[in-house]
Amino acid sequence: MTATTTLPIQLFLIMTALSLIPAILIMTTSFTRIVVVLGFVRNALGTQNLPPNQVVIALALMLSFFVMAPTWQTINTNALQPYLKQQISQTEAIKQAEEPLRVFMLKQTRPQDLSLFVQLAKIPQPKTYKDIPTYVVIPAFVISELKTAFQIGFAIFLPFIVIDLIVSSVLMSMGMMMLPPMLISLPFKILLFVMVNGWDLIIKSLVAGFH
């Protein structure tokens, strides 16, 4: 294969890899759990589009970078730097970069979710986690993250539902049934969230859940 032929192929592979980076970021990091939980917080408060989607996604990205920092550091030390110094091949660099991500994902993945995708993939029953292919680990990890995020979302919704019920009961007892309960309960929910320092509690719980 000539150099003239190789260059377009290399450019095509690079462009393909760049287009897959957002999907890799979502599916192999803490981003999924964080962005779903932040969405639950906004819906539980009933503040419509506040904070805006851009703010929610940006906050989820920053928290993901914070949570994944030790993993990125390991990848940089074991894979990127040796590859840039031409101490290891590209194949070895990919293998070294994949391992820390696998360790992170497997720590957050439920065994039953792994078993499900092992069965769906119709592969021999693995004896150790190292025997599980990465293409099986990734969807199992995503499902586990969604399950965890929905459990956290349920806990977030409970106190705000109580406020909605109390406000609705008070309005009905006063005969003010035409007044939307959400209109009255919204300031109380925001006040409660501010008084308990809600953002700190949510972010602390999210970050601590990955350690």
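Worth a mention:
- Restricting attention to the stretch 171-211, the residues that are touching a residue at least 12 places away in the same chain (Cβ under 8 Å) and over 30 Å from Ser144 (Cβ atoms) total 9.
- Filtered residues of the stretch 156-203 (kept if within 24 Å of the chain's Cα centre (by Cα) and surrounded by 12 or more Cβ atoms within 10 Å (Cβ to Cβ)): Ile156, Phe157, Pro159, Phe160, Phe193, Gly198, Trp199, Leu201, Ile202, Ile203
- Qualifying residue in the stretch 151-173 (condition: outside any helix (DSSP H, G or I) and more than 29 Å from Phe66 (Cα to Cα)): no
- Qualifying position, being of a type outside the set (Phe, Trp, Tyr), under 22 Å from Leu25 (Cα atoms) and modelled with pLDDT under 90, among Thr77, Thr148: Thr77
The values are calculated or read from the model by the stated rules, or taken from the named source; none is laboratory data. Since the model is a prediction, treat every value here as computed from it, not as a measurement. Cβ coordinates were reconstructed from backbone atoms using ideal geometry, including for glycine residues, and neighbour counts include every protein chain displayed.
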